[in-house]
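**Student:** For reference, the structure I am asking about is given below.
The values are calculated or read from the model by the stated rules, or taken from the named source; none is laboratory data. Small disclaimer: the values here were computed from a predicted structure and weren't measured. Accessible surface areas use protein heavy atoms only, side chains included; no ligands, DNA or RNA. Shrake-Rupley method; radii C 1.70, N 1.55, O 1.52, S 1.80 Å.
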Amino acid sequence: LITTSTKENYKPPHKSMPTIFNLYQNYPNPFNPETTIKYTISEKGKVTLSIYNINGQLVKRLVNKEEKESGYYEVFWNGRDNKEQEISSGIYLYTIKVEVKGMTKYSFTRKAILLKWANINIKSPAYALVASAMAFNFSGL
């Protein structure tokens, strides 16, 4: 099982260095049990990337005030908490905070849906239907 890891300076093909801060939607979403979160930072700063449950409680710290250069990054999350225990199905919020020269320069939050089903094939039409329905129902969060 992949725990959490980062690919330093992940750079999509044919792209120059980023000019903006950005937190992308995780993929896949809904996920079971792993997902990838990509982000870009446009200048050197301390990055924190955290996962919270719907009650605002910290579930997992994926990146903890790490000094990062301008670039493209991706983090893999295995659906486990800080104690490496599996978490339950539900809506989770992931937040990035980038500090530059001691001040928060960028902060953004997105939602991820962990959907656990026994023997589910994420390529099946049923999964696609449920995933679409859940995304639609929770789009207001």
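**Student:** Pulled fully out, how much extra length does the chain show between Ser70 and Glu84, if you take 0.36 nm times their separation in residues and subtract their Cα-Cα distance?
**Tutor:** Result for the pair: 2.1 nm of gain on full extension.
**Student:** Okay, next question. Under the 0.36 nm per residue contour assumption, what length would be gained going from the current alpha-carbon distance of Tyr52 and Asn32 to full extension?
**Tutor:** Residue separation times 0.36 nm, minus the Cα-Cα distance, leaves 5.5 nm.
**Student:** At 0.36 nm per residue, and after removing the present C-alpha to C-alpha distance, how many nm does the segment from Thr19 to Thr109 gain when stretched out fully?
**Tutor:** Separation in residues times 0.36 nm, less the Cα-Cα distance, equals 30.5 nm.
**Student:** Moving on to the next point. If Glu99, Glu86, Glu67, Glu34 are ordered by their accessible area, calculated over protein heavy atoms with a 1.4 Å probe, which sequence runs from highest to lowest?
**Tutor:** Glu86, Glu67, Glu34, Glu99
**Student:** A follow-up question, please. Roughly speaking, to the nearest percent, how much of region 66-110's 1.4 Å accessible area is carbon and sulfur?
**Tutor:** Carbon and sulfur atoms account for 48 percent of the accessible area of region 66-110.
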